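Q: Quick one: the structure is below, and I'll ask about it shortly.
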Amino acid sequence: MTLACIFGCSGPVLTADEAAFFRDVAPWGFILFRRNVETPAQVRALVAALRETVGRADAPVMIDQEGGRVQRLGPPHWPVYPPGRAYGALRTDDPLLPAAFARLGARLMADDLHALGINVDAVPVLDVPQPGAHDVIGDRAYGTTPETIAVLGRAAAEGLLAGGVLPIIKHIPGHGRALADSHLHLPLVDAPLEALSQVDFTPFRSLSDMPMAMTAHVIYGAVDRRRPATTSRRVITEVIRRDIGFDGLLMSDDLSMKALSGSFAERTRRSLAAGCDIVLHCNGDRGEMSEIAAAARPLAGRARARAAAALARIPRTVEPLDRAWARERFRQLVAGAA
């Protein structure tokens, strides 16, 4: 039995208690953060240890490696990558070059991750930031228009896939208008549904063929004034599945974020009942994970089929990469976007 959840762990090595817990509950996958990262050899060993606990060589191990403010791997062992906005800010007369730049950046990140055994990256950010909104998205977005974000987001997703890493489109159906950081507060977006559909939902609609998506802990008043997308059956059914047309694996954003209320068992049950296929918990707190595991359900039915379809998108062989050339070309493009 595989449980419909993704868990983090507390440090750079698994404790005996964590290993026993993961063996017992068998989560679908895992997530790494900066606290879990020291050296390449250490990360490879941790990834292998996580997979050993569930007995699945292809168990998803994910990370937030966007670049800019959100980069879990960094110096001295891994390069610094620019934020998403840099790709849209490239000064060029070639209209195709920004997308090539975004693809190259993602392809290089995939090369870093693939070497460690990490097979999922929580990229691309498809949120469309609006004037006056909280800067929790800010320069993480590829631009300020849905068209630019859709084009560059697809390029980034394709770069990851070419390098053997699954992309996650986030934060569906859009965090760009939020006036608060959902890590700390529950944002309410009061824009009319027509505006949301024409702007915020557009990049997600354009990338609805992607294998995985992560929800936004945001209330969209025009759809459901009581519940954020993560726990709203109406938002998931009417907007994410129907309007946007996303039929891939849908995971919650982190259940430990303060935008959500109630016990961790309640958050888990509400998210899964609303239509999330998988719940995500990031901070590695053993007590919270135990509560989630007790409330979660086995991965079954359409959720299981979506999970299998997502993993099937990982290519058997990765696209060849001339690392020296690619790093130098990327350096030149970063300089052009500065």
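Q: For the range 3-337, give the share of DSSP beta bridges that are antiparallel, in percent and rounded to the nearest 5; count only bridges with both residues there.
A: In the range 3-337, approximately 10 percent of DSSP beta bridges are antiparallel ones.
Q: Membrane-span-like helices in the chain: DSSP H runs reaching 20 Å or more (Cα, own axis), mean Kyte hydropathy at least -0.5?
A: Helices passing the filter in the chain: 40-54, 97-116, 146-162.
Q: Can you give the local net charge around R107? Use residues other than it whose beta-carbon is closer than 12 angstrom to its beta-carbon, Lys and Arg +1, Asp and Glu -1.
A: Net local charge, R107 excluded: -2.
Q: Next question, about the same structure. Run the numbers on the chain and let me know its relative contact order in percent, using alpha-carbon pairs under 8 Å that are six or more apart.
A: 19 percent
Q: Can you run phi through the Karplus equation (6.51, -1.76, 1.60; θ = phi - 60°) for the range 67-72 and list ³J(HN,Hα) in whole Hz, with x for Gly and Pro?
A: In residue order, the calculated couplings are x, x, 5, 10, 8, 7 Hz.
Q: Collect residues whose amide H, placed 1.01 Å from N in the peptide plane, falls under 5 Å from the amide H of C5; neighbours closer than 5 in sequence don't count.
A: Correct list: W28, G29, V279.
Q: Give me P(r) over the range 3-337, computed from all C-alpha to C-alpha distances, binned every 10 Å, as integer percentages.
A: In whole percents, the pair-distance histogram is 6, 28, 36, 24, 6, 0.
Q: Which order do peptides 33-44, 64-75, 149-160 fall in by mean Cβ count within 10 Å, highest first?
A: 149-160, 64-75, 33-44
Q: Something else: In whole Hz, with x marking every Gly and Pro, tabulate ³J(HN,Hα) for the range 205-213 from phi via Karplus 6.51 cos²θ - 1.76 cosθ + 1.60, θ = phi - 60°.
A: Result, ordered by residue: 5, 5, 10, 5, 7, 6, x, 9, 9 Hz.
FYI, it's all coordinate maths here, none of it is from the lab. Everything numeric here is computed off the predicted structure, so don't read it as measured data. Cβ sites come from the backbone with ideal geometry, for glycine too, and all protein chains shown count toward neighbours.
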